[in-house]
Amino acid sequence: MEKKTCIRVAMTFLLLGFLISGAASAAEPLQVVRVTATIVDQTVVAGIRSGDEGATRNVGALPEDLSGYAPMPFPELPLSSSQTVDEAVMNSVVVYDPASGEEKVLDPAALSGQFGSVFETIASLGRQGSGLSEIDAEHQSQDSLATFTNMTAVGNTHAYPWRVLTKLFMTFPDGRYVCSGTMIKPGYAITAGHCVNQGGGKPWASTIQVVPGYRDGWAPYGVANSVSMLAFVGWVTHGNIDWDIGVIKLDRNIGSAVGWHGFGYTTNRNWYLTTLFNNGGYPAESAYGFTGRTLYYRYGYNDGWVPDAPHHVYFLKPSYGGHSGSSEYVYYSGRGRYVYSILSTSDRSSFTTCATMDGNQFNAIANWTATSAPASVDLTPLFVSVKALGANDGRQMEMNYLAHNTSSTAWSGTVNANVYLSDNENISTSDTLVQRHAFEASFAPWSTVEVTVPLVSIPASAAPGSYYLGVILDLEDDNRMNNDSDGQDAGRVVVVN
């Protein structure tokens, strides 16, 4: 134990050199900045319904029958590593569009890096208001650990960093399954390759629902749906467990509220055995006492490399179906949390293995998740919430929402916004305009501000009942189609009398 501890201490001093030679960012994580809006006008303008408000964006809900989802089976470890593999071929990227069924194989080199690595790997703390849990400390007894700890149930998944960890509900041709994952960008989650594609020429998932901070049938931040998926030829075509990593592009920038972890890689194999890792996921095998409704957390040190799967690291504790796709992530004080490997398989009794990223996989994921970001500023309003002001009839309230920059461009200025009252979740100019306000903000790439509107009044003409408040940003940005807070991003209000 003393020898292993000394190695860990020495590796700590080498951390700076590792960060330079590896791919993790040394920048501070993004934080949501709070601003207060100035009310410009509260003249009520009744909407004129055109009959067609367009499609409602950001719609999602948990599956109705949660019991109908089985834990995703673990892939098997290879019996030997004697087969020769062409790393360049295995690292080729496969992108799948579930809407069209189209599958594209890309050379990782074709995914050119458009943006700096600091943004490819940057972490975010998400929306303010929830503190750290006591079991996510810096682990004062870390040097006494020989391997990973046993799992501990997490009670408050609404808090950071637990809300960054996700539960996945997947539909495949042969059934419905659950896995785990981790947010790594506002609209992307990383998981195991076998959670998006069944491997070795088998099918892709037709749908995946991603739920950050899931707990016991509750989705505290709503649900995001898969738009496209990424995996590698090594897994998709050959079923090689060393490439058991997948990424999901989402229809909603849910990470702007919950935060996301960065991700990185290193070629230093010894570092994986001397660095303290964290892991959290949703085991769901009832035969072992797990329901999949609870997030479990553990931390510790890996114990070695799998001889017959050279990209796989292992630790001497079991995992269970549903755990697949959860991440091993590292906490760097002041710099956030970074994913380095993905839980792949376990014998359910004595060991767990995780697929590590190499430089090619890191670059492919970093560049693919960056390609959808506009090159000019693009703001979108998200997560409208309302709070009644004092004891009233539900017509006076404070409103908060997020304004998220989906682009790779920094921008500063004044943003004008219109607040609409609607009888449905489709917020449009056909609804009743109840307020205009403005706020000043500075946006870094992929950053978010939380806007507080001190007073929103529901007009007397609105009869008692249930309504939705939403925001439409009045800004000539890259994509005006996402300037409204539709669907799950609209805030529900109840007018009493």
*Could you grab the pairs with beta carbons closer than 6 Å, sequence gap of 6+ or different chains, first residue in the stretch 359-388 and farther than 21 Å from E450 by Cα and in contact (Cβ under 8 Å) with a residue 24 or more places away in the chain, second one surrounded by fewer than 23 Cβ atoms within 10 Å (Cβ to Cβ) and aliphatic (A, V, I, L, M)?*
F362/A23; A364/L111; N367/L111; W368/L111
*asked:* Within the stretch 109-121, does at least one residue satisfy the condition of being outside the structural domain of F383 (by TED's automatic domain parsing), closer than 17 Å to G199 by Cα and either modelled with pLDDT of 90 or more or part of a helix (DSSP H, G or I) (or both)?
replied: no
*asked:* Show me the strands (runs of 3 or more DSSP E) entirely contained within the stretch 319-425 in which 2 or more residues are more than 21 Å from Q128 (Cβ to Cβ), touching an Asp or Glu at 6+ places or on another chain (Cβ under 7 Å) and not assigned by TED's automatic domain parsing to the domain that holds L66.
replied: 411-422
*List the pairs whose first member sits in the stretch 399-414 and is without any contact (Cβ under 8 Å) to a residue 40 or more places away in the chain and under 14 Å from A444 (Cα atoms), whose second member is acidic (D, E) and part of a strand (DSSP E or B), and whose Cβ atoms are under 9 Å apart, counting only residues at least 6 apart or on separate chains?*
S412/E440; G413/E440
*Restricting to strands (runs of 3 or more DSSP E) lying wholly in the stretch 219-296: which have 3 or more residues that are modelled with pLDDT of 95 or more and aliphatic (A, V, I, L, M)?*
224-232, 246-250
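I'd like to verify a number: residues in the stretch 403-428 that are over 19 Å from V59 (Cα atoms) and not aliphatic (A, V, I, L, M), how many?
Within the stretch 403-428, the subset over 19 Å from V59 (Cα atoms) is 405, 407-419.
Still in the list and also not aliphatic (A, V, I, L, M): 405, 407-409, 411-414, 416, 418.
Of the residues in that region, 10 qualify.
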*Go through the stretch 27-62 and give me each residue that's modelled with pLDDT under 95 and either closer than 30 Å to K202 by Cβ or among the aliphatic types (A, V, I, L, M) (or both).*
A27, L30, V32, V33, V44, V45, A46, I48, A55, V59, G60, A61
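Mind telling me which of the residues N418, N426 ends up being of a type in the set (S, T, N, Q), under 27 Å from the mean Cα position of the chain (by Cα) and buried (at least 19 other Cβ atoms within 10 Å of the Cβ)? Steps first, please.
Numbers: N418 fails: under 27 Å from the mean Cα position of the chain (by Cα).
It is N426.
Give G246, G262 a once-over and let me know the one that is of a type in the set (G, A, S), in contact with a Leu (Cβ under 9 Å, 6 or more places away or on another chain) and in contact (Cβ under 8 Å) with a residue 40 or more places away in the chain. It would help to see each step written out before you state the result.
Details: G262 fails: in contact with a Leu (Cβ under 9 Å, 6 or more places away or on another chain).
Step by step, each of G246, G262 is checked, and only G246 is of a type in the set (G, A, S), in contact with a Leu (Cβ under 9 Å, 6 or more places away or on another chain) and in contact (Cβ under 8 Å) with a residue 40 or more places away in the chain.
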*Check off (1) in contact with a strand residue (DSSP E or B) (Cβ under 8 Å, 6 or more places away or on another chain); (2) without any contact (Cβ under 8 Å) to a residue 24 or more places away in the chain for S447 and give me the number that stays unchecked.*
(2)
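Working carefully through the options E398, E476, find the one that is within 21 Å of R127 (Cβ to Cβ) and surrounded by fewer than 16 Cβ atoms within 10 Å (Cβ to Cβ). Walk me through how you get there before you give the answer.
Numbers: E476 fails: within 21 Å of R127 (Cβ to Cβ).
Step by step, each of E398, E476 is checked, and only E398 is within 21 Å of R127 (Cβ to Cβ) and surrounded by fewer than 16 Cβ atoms within 10 Å (Cβ to Cβ).
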_Extreme residue, surrounded by the fewest Cβ atoms within 10 Å (Cβ to Cβ), among residues of the stretch 326-361 that are over 16 Å from G264 (Cα atoms) and in contact with a strand residue (DSSP E or B) (Cβ under 7 Å, 6 or more places away or on another chain)_ = F351
_Hey, W218 surrounded by fewer than 22 Cβ atoms within 10 Å (Cβ to Cβ) and either of a type outside the set (V, I, T) or closer than 30 Å to D86 by Cα (or both) or not_ = yes
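Keeping to the stretch 204-218, report how many residues are part of a loop (DSSP other than H, G, I, E, B) and touching a helix residue (DSSP H, G or I) at 6+ places or on another chain (Cβ under 8 Å).
Initially, the stretch 204-218 is screened for residues part of a loop (DSSP other than H, G, I, E, B), giving 205-206, 213-214, 216-217.
Then drop every residue that is not touching a helix residue (DSSP H, G or I) at 6+ places or on another chain (Cβ under 8 Å), which leaves 205, 213, 217.
The total comes to 3.
Can you confirm whether the stretch 442-451 contains a residue that is more than 18 Å from A257 (Cβ to Cβ) and out of contact with any His (no Cβ under 7 Å at 6 or more places or on another chain)?
yes
The values are calculated or read from the model by the stated rules, or taken from the named source; none is laboratory data. All figures in this text were calculated on a predicted structure; none of them were measured in a lab. No Cβ is skipped: glycine too gets one built from the backbone with ideal geometry, and neighbour counts run over all protein chains shown.
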